[in-house]
Every structure is written in structure tokens, then in C-alpha cells.
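Each remark here refers to the structure printed beneath this line.
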Amino acid sequence: MRYSIGEVARFAGVTVRTLHHYDAIGLLSPQERAPSGRRTYVAADLDRLQRILFYRELDLPLDDIAALLDGADDHVAHLARQRGALRDRIDRLERLLAVLDRTMEARKMGIDLDPDEMFEVFGDDDPAQYAEEAEQRWGNTDAWRASQQRVARYRKTDWLRFKAEQEQLGADMVAAMDAGIAPDDARAMDLAERARLQIHDWFYDCPHEMHVALGQMYVDDPRFTATYDRQRDGLAQWLRDAIVANAARHGTAARP
């Protein structure tokens, strides 16, 4: 099959002017001529054009593309190189997409930090990973609205202070477990109360009954369990039991 320059431009999605330019610089010169004297494109030309357009999608300069195509590599080697380059671009785009998604969900939660600040404050613990689910569960509650109003005012220094408090509380709970303190011990219940007041002070009013429900979620939802158990194996269950004991100490019975 032979194709005119107009036909090639149409199904390749480029302009005739572009093809003339490629011909002028020796990047893609049609190999045959029609009886009228006009150059025509054959399968080998189209194959080269496909590779040119692929490398152009990777933003390579035309001189670099010519060097790649005129090198010693065979067609399979070119495909392998193209695949590797495309994989690298996909990886970069996926990383960018993850940053954008994380930032967008954080904005929905009212967390007003740029990506660098978010990483500095939260590290690998993405604060927005449950944002959509949380909004679906509690978006119509007073607690959710209060939380949104509060966090909308927080800045980087506030989040760093919250992080420091949270890490200290976690370290104190791990130390209590390591010391063999039972969840119904007064010292464990005091830690549970600190956890409840942290929620109350930073996000929304959290009465003991609500705290018991949250504690149950820490053991029922594998994601939350993993978050606590990364600090120490069994911490999620220990904290849940301490929360229940603390609620009972304050006259609130745990839900069955």
C-alpha cells in the first residue's frame, strides 16, 4: 500500500506542513515516488512515523529522535526503549496524580496545606485517605460540621502541634502496654481520657459514648487497627478496652 502525504497527515493526526518539515530535515523522507513524481509513503515510512510521534509525546527534541531511530537498535529494541520511557512517564504521572488527589481530599477536610507541608506534618499517614468515607458517614452530623469549621482555621504550626501531641500520647500508651498495665487500670483509663479530650479539643465534642463507638471502630476496621498496631502489636485492642473502662468509670455503659 502507498499513501499520499495528505492521507498520512489525516490518519496520523499531524499536518501536511509537519510532514514536509520532517522530510526537509531528513527525519522522515518517503521512500517511493508515485508515477506523477510525488513521493508516497509505504509501510516502513508509517512505522518510522509512529515511532517519531511516540517519542514526540515524550517531549524528545527532533535531533534526539533522529539519533535514536538511526542507531543500531532493531525494531524490538526500539519497542523496549519506548516501553521503558512510557513506564517512567506513567510512574511520574501517577505520583503527580497521587499528590493532587491527596491535596484535593485534604481541602475537602479543610486541611489547608501544600503537598510539602502535608508530608512534613503527616509523613506517610495520609490524613485525607478516609475523607470521602467520613463525609458519607458523618457529613450531616453536628460533629462533622464542627470539625470542618475548626480544621479550616488550622495552619501548619497547628498541625505540627497536633502531631506532637498525638505522637506523645501514642508513645505513652505503648509504654503503658510495655509496663504490663491492664486496660482497666486507672493509668490506662487516664490515657484513654487523654485520647478523648484530644478529639474534643482539636476536632469536635466527643462524649464518652461516642468515644466508645470510635474505640470499637479501631478494632472492627482493619485499617484503623493497622494504624494503631504499627506502633505496637495489640495497641488497638488495648486502647479500645481502656476506652470502654474509662467510659464506665464516668458512668457511661458500653454499647452491646
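The values are calculated or read from the model by the stated rules, or taken from the named source; none is laboratory data. Since this is a predicted model, take the numbers as computed values, not measurements. So basically every Cβ, Gly included, is an ideal-geometry build from the backbone, and we count neighbours across all protein chains shown. All accessible areas refer to the heavy atoms of the entire protein, side chains included, with ligands and DNA or RNA removed. Shrake-Rupley method; radii C 1.70, N 1.55, O 1.52, S 1.80 Å.
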**Q.** Longest to shortest principal axis, alpha-carbon extents of segment 1-88, angstrom
**A.** 44, 23, 22
Q.
Sort 153-164, 199-210, 184-195 by packing, meaning the average of other beta carbons within 10 Å per residue, with the highest value first.
A. 184-195, 199-210, 153-164
Q: Using a 1.4 Å probe and ignoring any ligands, DNA or RNA, find the accessible area of Ser4 and quote it in Å² to the nearest 10.
A: 50 Å²
(Q) Leaving out ligands and nucleic acids, and using a 1.4 Å probe, what accessible area per residue does segment 193-239 come to in Å²? (A) 49 Å²
Q | Estimated vicinal HN-Hα couplings, Hz - segment 54-68 in sequence order (Karplus 6.51, -1.76, 1.60; Gly, Pro = x) | A | 5, 5, 5, 4, 8, 6, 7, x, 5, 5, 5, 5, 4, 5, 5
(Q) For Cα pairs less than 8 Å apart in space and 6+ apart in sequence, what is the mean separation divided by the residue count of segment 5-85, i.e. the relative contact order in percent? (A) 19 percent
**Q.** Under-5 Å amide H pairs with Arg39, H placed in peptide plane, nonlocal only
**A.** Ala34
